[in-house]
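The values are calculated or read from the model by the stated rules, or taken from the named source; none is laboratory data. The model shown is predicted, which means the values in this text are computed figures rather than measured ones. Cβ placement follows ideal geometry from the backbone for every residue including glycine, while neighbour counts extend to all protein chains displayed.
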C-alpha cells in the first residue's frame with residue numbers, strides 16, 4: 001500500500017499492542033469500527049518482560065505477561081481487529097484523513113487515531129540485564145516487588161522514581177539499597193528526605209551496576225558494583241586503557257584513581273532511572289507533548305488530545321500510575337472516545353471533503 005492517495009481510509013488505527021492498545025482494539029472492534037492495529041518493534045510492550053502478573057483483575061492465580069498479551073490479541077482478533085506489523089516513522093496530521101508513514105515505506109490513512117505506543121524504560125547497560133530482565137531485573141516495583149519478599153534488593157537511580165521504588169520495596173524486601181553514581185540525589189527534597197530517613201533504605205554512593213549474575217532458572221543471584229571516589233565510575237572505566245595484563249591493570253588503577261569492584265549477593269534489581277514515552281513520530285504535529293514527552297490530554301475524564309480525532313492511552317500519556325490495569329482502562333476509554341467522535345458530523349464531513357479532493 002505505498003502512496004498517500006491510494007491507501008484505504010480506516011475508521012480507526014491503533015498504534016501499539018500493549019495492554020492499552022489491545023483494550024482499545026477490543027472495544028473498537030466490538031463497536032464494528034474494524035480497527036487496524038499496528039504492532040511496532042516490540043509487540044506487547046513492557047508487559048512481555050514480566051514473567052508473572054498477579055495484580056490484573058480476573059487472574060487470582062496470576063498470569064504470565066506474554067500470555068496476557070496473547071489472550072488480548074486473540075480477543076481483539078475475534079471481534080474483527082486487524083493486526084499488521086509496522087513502525088510509525090512520521091505522521092501527517094494537518095489534514096484529514098490522517099496519514100501515518102511507516103518505516104517500511106507504507107502509508108496508512110485513518111479518520112481517528114489512538115496512540116498507545118507506551119513508554120520504554122531506560123536501562124543502564126549492565127552486563128546480563130537483557131538476559132535477566134523479567135527474571136529478577138525489573139523496571140516496576142509496584143508490578144514485581146511482591147515477588148521479592150525476604151530478598152535483598154537494589155534500586156538503581158537517584159531521582160524521584162528511584163526513591164519511590166525504594167520506599168515501596170521496603171514493604172517486601174529484607175533490605176533495599178539504592179545505588180547512585182554520584183554522592184547526592186537528584187530527587188526532590190521531600191522524596192530524598194523521606195528515603196534517607198527510612199530505616200529500611202541504605203545507599204551506595206558514587207557506585208554503578210557493572211554486571212548482573214544469575215540465570216533464568218535461578219533468577220538474579222548477585223551483582224558486581226564499581227565505585228569511584230569522584231563518582232561516575234563507568235565513565236572512568238570506559239576511558240581507561242584496555243587490556244587485562246598486570247601493566248594494563250596498573251595503568252587503569254593510576255588513570256582512574258582507583259576504581260573498586262565489589263560483589264553483592266542480591267535477589268532482585270529495580271531500575272528507577274526513568275521512562276521515555278514513545279512519541280517521536282508526533283513531534284512537530286499539533287498533538288501537544290509535555291516536557292517529559294508524554295502526550296497531553298484534555299482536562300477531565302477523557303483521552304482526547306489537543307488535536308481532534310487523536311486519542312492517547314496507556315503509559316504514553318500516563319507518567320504516574322503505569323499499571324497494566326490502568327492502561328487497559330484508558331485503552332477502553334480511548335476507543336469509546338473515538339467512537340463518539342466519529343459519530344459527530346464534523347468528523348465525517350472532514351473526511352468526505354478530503355476524499356472528494358483526492359478523487360478529483
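General remarks:
- Residue in the range 117-125 that is closer than 13 Å to residue 221 by Cα and more than 13 Å from the chain's Cα centre (by Cα) present: no
- Looking at the range 36-144, none of the helices (runs of 4 or more DSSP H) lying wholly inside it contains 3 or more residues that are under 26 Å from residue 302 (Cβ atoms) and modelled with pLDDT under 95.
- A residue that is touching a helix residue (DSSP H, G or I) at 6+ places or on another chain (Cβ under 9 Å), modelled with pLDDT under 95 and in the same structural domain as residue 112 (by TED's automatic domain parsing) cannot be found anywhere in the range 281-289.
- Boolean, residue 62 is surrounded by fewer than 17 Cβ atoms within 10 Å (Cβ to Cβ) and touching a strand residue (DSSP E or B) at 6+ places or on another chain (Cβ under 7 Å): yes
- As a summary of the residue check, residue 206 satisfies the conditions (1) in contact with a strand residue (DSSP E or B) (Cβ under 7 Å, 6 or more places away or on another chain); (2) surrounded by fewer than 16 Cβ atoms within 10 Å (Cβ to Cβ); (3) on the phi > 0 side of the Ramachandran plot except for the one numbered (2).
- Considered as a group, the residues in the range 342-360 that are surrounded by fewer than 18 Cβ atoms within 10 Å (Cβ to Cβ) and within 22 Å of residue 27 (Cα to Cα) include one that is modelled with the highest pLDDT, and that residue is 343.
- Residue tally, condition in a helix (DSSP H, G or I), modelled with pLDDT of 60 or more and more than 25 Å from residue 203 (Cβ to Cβ), over the range 237-251: 0
- Subset of the range 188-210 [farther than 22 Å from residue 229 by Cβ, touching a residue at least 24 places away in the same chain (Cβ under 8 Å) and assigned to a loop (DSSP other than H, G, I, E, B)]: 188, 198, 200
- The range 145-165 - residue that is assigned to a helix (DSSP H, G or I) and within 19 Å of the chain's Cα centre (by Cα) and, of those, modelled with the lowest pLDDT: 161
- For the range 257-274, the candidate set comprises residues that are surrounded by fewer than 23 Cβ atoms within 10 Å (Cβ to Cβ) and within 16 Å of the chain's Cα centre (by Cα); within that set, the residue that is modelled with the lowest pLDDT is 274.
- Total residues in the range 276-285, condition on the phi < 0 side of the Ramachandran plot, out of contact with any strand residue (DSSP E or B) (no Cβ under 8 Å at 6 or more places or on another chain) and part of a loop (DSSP other than H, G, I, E, B): 0
- Only one of the numbered conditions (1) out of contact with any strand residue (DSSP E or B) (no Cβ under 7 Å at 6 or more places or on another chain); (2) over 25 Å from residue 54 (Cα atoms) is violated by residue 147, and that is (2).
- Unique match (being modelled with pLDDT under 95 and loosely packed, with under 13 Cβ neighbours inside 10 Å) among 234, 254: 254
- Test set (1) outside the structural domain of residue 218 (by TED's automatic domain parsing); (2) surrounded by fewer than 20 Cβ atoms within 10 Å (Cβ to Cβ); (3) in contact with a helix residue (DSSP H, G or I) (Cβ under 6 Å, 6 or more places away or on another chain) - residue 160 fails condition number: (1)
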